[in-house]
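The values are calculated or read from the model by the stated rules, or taken from the named source; none is laboratory data. Here the structure is a predicted model, which means the values were calculated and not measured. Every residue, glycine among them, receives a Cβ derived from its backbone with ideal geometry; neighbour counts consider all protein chains shown.
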Amino acid sequence: MDMERIDARHAGASQARELRRGAIEMSLAMLMSGTIGWLVVSSGQPTWNVVFFRCVFGGATLVAVCAALGFLKARYFSWRMIGLIALGSVAIVGNWLLLFAAYSRASISMATTVYNTQPFMLVALGALVLRERVSASTIAWLVVAFVGLVMVVRVEPAVLAMPGRYFEGIAYALGAALLYALSSIVTKHLKGTPPHLIAMLHVLFGIVMLAPFARFAETPASIGGWSDLVVLGVVNTGLMYVLLYGAIQKLPTATTGALSFIYPVVAIVVDWLAFDQRLAWLQVAGAALILLAAAGVNLQWRIVPRKERPNV
């Protein structure tokens with residue numbers, strides 16, 4: 001009995017360490033995500049170039065990671081898997097192009113907040129494509145998010161946003177959220193494929209897709225511009241995905257969902273500190289409603305009481 005208690009104590013301690021490590025990895029990954037907008041804007045590069053070089057430097061990092069983990073073996077590859085990943089890559093690369101283009105039009109803060117409507121896009125696509133049931137509480141949270149979105153788009157910020165193109169930036173952020181949800185639907189059909197390998201192939205396909213559109217004549221003329229792109233690819237793509245997927249494997253879904261909201265909060269703070277982007281109070285309230293509703297969906301908070309079944 002004493003040995004069983006000792007074994008149980010060791011198992012509990014090991015699980016606690018695993019959860020703590022996963023929480024640290026997830027928090028670091030979200031902190032990195034929150035600085036992406038700053039790197040994109042600071043690089044001074046056209047959107048096509050930013051995404052292309054993110055794929056180049058991120059791809060090199062992820063190839064090294066996958067090689068070290070032994071994922072570059074024939075048994076992990078099939079024509080079906082490659083086809084699905086190619087399709088997902090179109091969605092992921094399109095998602096980055098739209099989101100990064102939204103930053104200069106609607107500000108990093110607003111683009112990131114509106115981008116966090118993606119859980120609702122995923123729920124809608126799940127209902128339409130996968131015939132998944134949508135709960136009454138999810139619909140109620142969708143209404144809350146829509147009210148928040150209306151509040152956000154009613155005020156155009158004076159700083160950073162391109163005059164007259166704020167609504168265009170909001171539309172880009174919504175489009176980016178939709179494409180991310182589409183990529184998630186495709187990825188659901190890749191069970192058994194290591195996530196690091198999926199991420200690697202996404203960015204490698206991205207290099208091929210974006211090479212014809214990259215503006216090589218406009219690449220950075222300074223070390224600072226190149227360092228932004230290298231950090232975006234190596235740290236905020238390669239290392240971030242390693243931390244993110246490592247955390248997802250260790251943490252319960254609810255914890256992962258809760259920690260994911262570090263990302264928009266950090267993005268808003270970075271936008272304020274780096275670019276003096278100050279939001280109107282109506283926008284702050286709207287952003288809070290969107291993030292609250294997204295948290296409600298991710299963490300499955302119930303706001304509509306479940307109907308009691310009558311006793312027979």
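Could you list all residues from the range 125-138 that are assigned to a helix (DSSP H, G or I) and either touching a residue at least 12 places away in the same chain (Cβ under 8 Å) or touching a Ser or Thr at 6+ places or on another chain (Cβ under 7 Å) (or both)?
Within the range 125-138, L125, G126, V129, A136, S137, T138 meet the criteria.
Buried (at least 22 other Cβ atoms within 10 Å of the Cβ), under 21 Å from G257 (Cβ atoms), touching a residue at least 24 places away in the same chain (Cβ under 8 Å) and not hydrophobic (A, V, I, L, M, F, W, C) - does that describe any residue in the range 92-110?
yes
Among all residue pairs at least 6 apart or on different chains, which show Cβ distances below 9 Å where the first residue, located in the range 65-86, is surrounded by fewer than 11 Cβ atoms within 10 Å (Cβ to Cβ) and the second is part of a loop (DSSP other than H, G, I, E, B)?
Close Cβ pairs (under 9 Å, with a partner that is part of a loop (DSSP other than H, G, I, E, B)) amount to R80/H189.
Which one is nearest to G22 (Cα to Cα), of the residues in the range 196-251 that are without any contact (Cβ under 8 Å) to a residue 12 or more places away in the chain and outside any helix (DSSP H, G or I)?
Among residues in the range 196-251 that are without any contact (Cβ under 8 Å) to a residue 12 or more places away in the chain and outside any helix (DSSP H, G or I), the one nearest to G22 (Cα to Cα) is S222.
Among the residues of the range 192-209, what is the count of those that are touching a Cys at 6+ places or on another chain (Cβ under 8 Å), surrounded by fewer than 21 Cβ atoms within 10 Å (Cβ to Cβ) and over 17 Å from V242 (Cα atoms)?
1
Among (1) of a type in the set (A, V, I, L, M); (2) over 28 Å from S42 (Cβ atoms); (3) more than 18 Å from the chain's Cα centre (by Cα), there is one condition L197 misses while meeting the rest; what is its number?
Going through (1) of a type in the set (A, V, I, L, M); (2) over 28 Å from S42 (Cβ atoms); (3) more than 18 Å from the chain's Cα centre (by Cα) one by one, L197 breaks only (3).
Evaluate the following for V234: is it surrounded by 16 or more Cβ atoms within 10 Å (Cβ to Cβ) and at pLDDT 95 or above?
yes
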